[in-house]
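Working notes, beginning with the structure itself.
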Amino acid sequence: MKKLLCCLLLLPALGFAQINKLLSGYVYVMAHDGSIGGGLTGNVELFNAIGIGPGVEVTSFEGRTLMPVFADLKVKHRFKYIEPYINGQFGYNVYSVDRTENVPLSTGGGQQSITYNQSGKFFYGAGAGVAWHFNTMGVFISYVYRGYKYRSPKSIAEDGQSVNFGTRSVNANVFTLGVVF
């Protein structure tokens, strides 16, 4: 699966498709709610107005590595060298962390530490950007507002009591600056 994803992301580098602009690639640095990261997105051009393809990023969340893998959809219109677009993203965030939380004891009024695993679930995002093209390459800047879902165990039984966790939702602002080819 990883090899297939890498092959799909490298498709924009192929010559024939690049000459006819059937494929576009976006390589970028990003600010992800205060964390710095980077990413790569490949888009197949449809009807000269829609770009769709896979993307992958590496960033962090709460000091741990976060790797979103997603489908990217761009609706755009080119005015000579400038190309504004709106985009949507949907995918899975690769994230797994063992967390320790203190929970109150049912007797005695003290606290007890409980360790559990929190992992990534899905995410979605919507945003806008603009690209400036110079011959075969260009630069772009964009903003995406994302919603992430994380899963934890529904409940953990410790010392005769049950601790419930549920799903955690987090929203993030993502600013990107990069090269389009």
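Hey, any hits in segment 167-176 for a residue that's out of contact with any strand residue (DSSP E or B) (no Cβ under 8 Å at 6 or more places or on another chain) and either within 25 Å of Thr59 (Cβ to Cβ) or at pLDDT below 90 (or both)? No: zero hits.
Here is a check on your reading of the model: is Tyr124 of a type outside the set (A, V, I, L, M), surrounded by fewer than 17 Cβ atoms within 10 Å (Cβ to Cβ) and modelled with pLDDT of 95 or more?
So Tyr124 passes the test.
Out of all the residues in segment 71-83, is one or more in contact with a Ser or Thr (Cβ under 7 Å, 6 or more places away or on another chain), within 30 Å of Leu46 (Cα to Cα) and either modelled with pLDDT under 90 or part of a strand (DSSP E or B) (or both)? Yes, the conditions are met somewhere in segment 71-83.
Scanning segment 21-67 for residues that are touching a residue at least 60 places away in the same chain (Cβ under 8 Å), within 18 Å of Tyr124 (Cα to Cα) and part of a strand (DSSP E or B) returns Met30, Ala31, His32, Gly39, Phe61. The condition (being among the aliphatic types (A, V, I, L, M) and closer than 16 Å to Phe175 by Cβ) is satisfied by just one residue among Ile36, Ile52, Ile82, Ile114: Ile36.
Of all the criteria given as (1) at pLDDT 95 or above; (2) among the hydroxyl-bearing types (Ser, Thr, Tyr); (3) surrounded by 15 or more Cβ atoms within 10 Å (Cβ to Cβ); (4) more than 18 Å from Gly53 (Cβ to Cβ), the one not satisfied by Tyr145 is (3).
Consider Val103 carefully, then state whether it is in contact (Cβ under 8 Å) with a residue 24 or more places away in the chain, more than 30 Å from His133 (Cβ to Cβ) and assigned to a strand (DSSP E or B). So Val103 passes the test.
The values are calculated or read from the model by the stated rules, or taken from the named source; none is laboratory data. Quick caveat, the model's predicted, so the values are computed rather than measured. Counting neighbours? That spans all protein chains shown, and the Cβs are built from the backbone with ideal geometry, glycine included.
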